[in-house]
Amino acid sequence: MCGIVGYAGDKNVIPVLIGGLQKLEYRGYDSAGVAYLDGGKMNVIKEKGKLAGLEKLVKGKCAEHTIGIGHTRWATHGEPSCANAHPHINMVGDLAIVHNGIIENYLQLKESLERKGIRFVSQTDTEVIVHLIHYYLKDDLKEAVSTAISKLKGSYALGVISERFPDEIVAVRKDSPLVVGLGKGENLIASDIPAILEYTRDVYFLNNGEIAVIKKDGVELFDEVLNPIACEPYTVEWDVSQAEKAGYPHFMIKEIEEQPRVLADTLTPRLKDGEVCFDEVGLTDDALKKIKKITIIACGTAYHASYVGKYIIERFARVPVEVEIASEFRYKNPIMNGDNFVIVVSQSGETADTIAALREAKKRGAYVMAIANVVGSTVAREADSVLYTRAGMEIAVASTKAYTTQLMCLYLFCLKLAYAKGKMAPEEYRANVSGLAAIPDKVADILGQKDLLQKFAYEHFTEKSVFYIGRGLDYALAMEGSLKLKEISYIHSEAYAAGELKHGTIALIEEGTLVVAVLTQGDLIEKALSNVKEVTARGAVVLVITQEKYKDMAKDVADKLIAIPDAADFAATMTAIIPMQIFAYYMAVQKGCDVDKPRNLAKSVTVE
Ligand code: M6R
């Protein structure tokens, strides 16, 4: 939610800020703005709507050898508007800030500042921060920022600049991400690495409470009480090209097509002599043997991946698994203690609800393993151990490759656990491991069916409502297929356990209703077929997604059938989701939707 960028150096600061914001636009895109010093004077330019509007306003402007900050917003407090866009300035206009996060006590702070004669011009929670900093500012900007944040409750990542301190940006974070880019003769801040990769690969992930003073020639770091601290940089391995579309019309389809590679990247380094090797995670077989119950916590797509995790862990390792929505878990006074093994799943590693759930679990004594994609993210740093998905940078708001690599990690964990616990014979273990190893090539085969799915989507993009049904693992998949469709095409969609339809929802099926039936599990296919017949009998049009080996059984109920290459049934989730991702993509394209930046959404949900 919201993207922050800041630059101190000799280049024209405006294109640097705009370029950074372009890389962060996935974080929010309802308004944007920049503030920079030019000839020592503060300039602030803001525009409502996507970044393109701001780009037009700043075109041709130049401010070299200076500092600046920029922001792209996802509204929480106050509608998307120019007044509510960041940067926000103090009353005299010589101090500007950008903020990502939520200030929970802003109303009390606002009332107290108003009593001191301060006039507010926006409806945001952020504006209190700039007035507080101004109020405390004497002769050291970082001290004023430090005092101001001591009054705040909530989460924040901040970039602050002032005419009185024309060489420096002060940055601080609490529970919202902020990374410092360490360049040569130039230094930067940003909410996420892509915004600074063009300038440097050396970064420092600011920890909660730390304050950074960023100048052209160096970066100073301080702890919460302003003692200087050492900077231990991390070198980013990603390539800048990963943040480009590379000729694809959208990031989403690029990321869908990257899945064979990223699945192999996630799997291969963890296989040794046909077995799962977890040295990097630091979980020994002895530790795995002791696991008695598991709770998997996540949001959105990661929650759907967790559901697949539940089915397979319970089936193979015979350990009970609960799956929790992170935003629910944190407030339910969960029954959890040191006997619980918790897995948190998060692509970004910065989802506020997931981070809060992780902390809640740790507070209650649970061991927490993260499955995360972003190296150095909060989730990755705060968990006891991390199993990284190797999806690379995922930019489209709709998660695709992060989902399948999360599944791959959950499968690896499941097989390792089942084997360590003696619930899987050596031959079965090795056969299952090779079942996983076959998946990347099968995903590549399915991508060859893109045209079929495109055609089907173009015949159906005017649908008002689509149902996804399946049983067992197929139900877990149906949930994700349905989310993909609704989030990018704005078509109402529901996922249902196929056997549950007749208990109410089948009332919504009428002549012509589109139903996507996922039928990949041999042990359940007969039952699932009966459920499909229940909807065809009521006039539904059915798209069946099944494996080659079940094609003949399923063809009679299908108006359209997509046969994916045969895989081990337990692993077919990673293949069967691909047609659903492609179908959702083309439905949205045909409707003319902004596929990579769907309305009301942001990639990284860093607010509660
Ligand atoms: O970064 P996270 O995996 O923690 O994000 C969780 C959800 O916000 C995310 O999976 C969201 O549902 C997807 N972008 C939807 O495609």
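The values are calculated or read from the model by the stated rules, or taken from the named source; none is laboratory data. Keep in mind it's a predicted model, so treat the numbers as computed, not measured. Methodologically, a virtual Cβ is constructed for each residue, glycine included, from the backbone with ideal geometry; neighbour enumeration extends over all protein chains shown. Heads up: the accessible areas ignore ligands, DNA and RNA and are worked out on the full protein's heavy atoms, side chains in. Shrake-Rupley method; radii C 1.70, N 1.55, O 1.52, S 1.80 Å.
Here are some notes:
- Dividing the Cα radius of gyration of the range 3-236 by its Kirkwood radius returns 0.93 for Rg/Rh.
- For the range 18-121, taking Cα atoms only, Rg and Dmax work out to 14.3, 42 Å respectively.
- Nearest-ten-degree value, helix 573-591 long axis tilted from longest Cα axis of the chain: 60 degrees
- Values of log10 I(q)/I(0) for the range 245-437 across q = 0.12 Å⁻¹ run -0.55, by the Debye formula with one identical scatterer at each alpha carbon and no solvent.
- Relative contact order of the range 258-411, pairs being alpha-carbon contacts under 8 Å that are 6 or more residues apart, as %: 27 percent
- Unit charges on C-beta of K, R, D, E only; dipole of the range 3-236, Debye: 600 debye
- Note, ³J(HN,Hα) from phi for the range 427-436, Karplus 6.51, -1.76, 1.60, rounded to Hz, x at Gly and Pro: 5, 5, 4, 5, 5, 5, 4, 6, x, 5
- In the chain, the DSSP beta bridges split such that about 60 percent are antiparallel, to the nearest 5.
- Pairwise centroid distance, computed over Cα atoms, of the range 111-186 with the range 524-603, Å: 49 Å
- Cβ-based charge dipole, the range 448-594, positive-most Cα from ALA507, TYR496, ILE545: ALA507
- For the range 400-466 versus the range 51-96, the gap between their alpha-carbon centres in whole angstrom: 43 Å
- Charge dipole magnitude, Cβ of K and R +1, D and E -1 - the chain, Cα centre, debye nearest 20: 800 debye
- Each Lys and Arg adds +1 at its Cβ and each Asp and Glu adds -1 at its Cβ; summed about the Cα centre, the range 366-443 shows a dipole of about 80 debye.
- The calculated P(r) of the range 337-387, using every Cα pair and 5 Å bins from 0, goes 5, 27, 36, 21, 9, 2 in percent.
- Each Cα pair under 8 Å and six or more residues apart adds its sequence gap; the mean of these over the residue count of the chain is a relative contact order of 12 percent.
- Accessible area of the range 3-236 belonging to carbon and sulfur atoms, whole % at 1.4 Å probe: 48 percent
- Three-way shape label, the range 448-594, alpha-carbon gyration tensor, a/c 1.5: oblate
- Of the residues VAL345, PRO334, LEU271, the one whose Cα sits farthest towards the positive end of the charge dipole of the chain is PRO334 (charges of +1 on Lys and Arg Cβ, -1 on Asp and Glu Cβ, taken about the Cα centre).
- With the charge dipole of the chain set up from +1 on Lys and Arg Cβ and -1 on Asp and Glu Cβ about the Cα centre, the Cα lying farthest toward the positive end among the listed residues ALA420, GLY185, ALA438 is that of ALA420.
- Rounded, prolate or oblate (a/c below 1.5 giving rounded, otherwise prolate when a/b exceeds b/c) for the range 225-279 by Cα gyration tensor: oblate
- Surface per residue (accessible, 1.4 Å probe) for the chain, Å²: 37 Å²
- Principal-axis analysis of the Cα atoms of the chain puts helix 525-536 at an angle of about 80° to the longest axis.
- Prolate/oblate/rounded label for the chain (Cα gyration tensor, a/c 1.5): prolate
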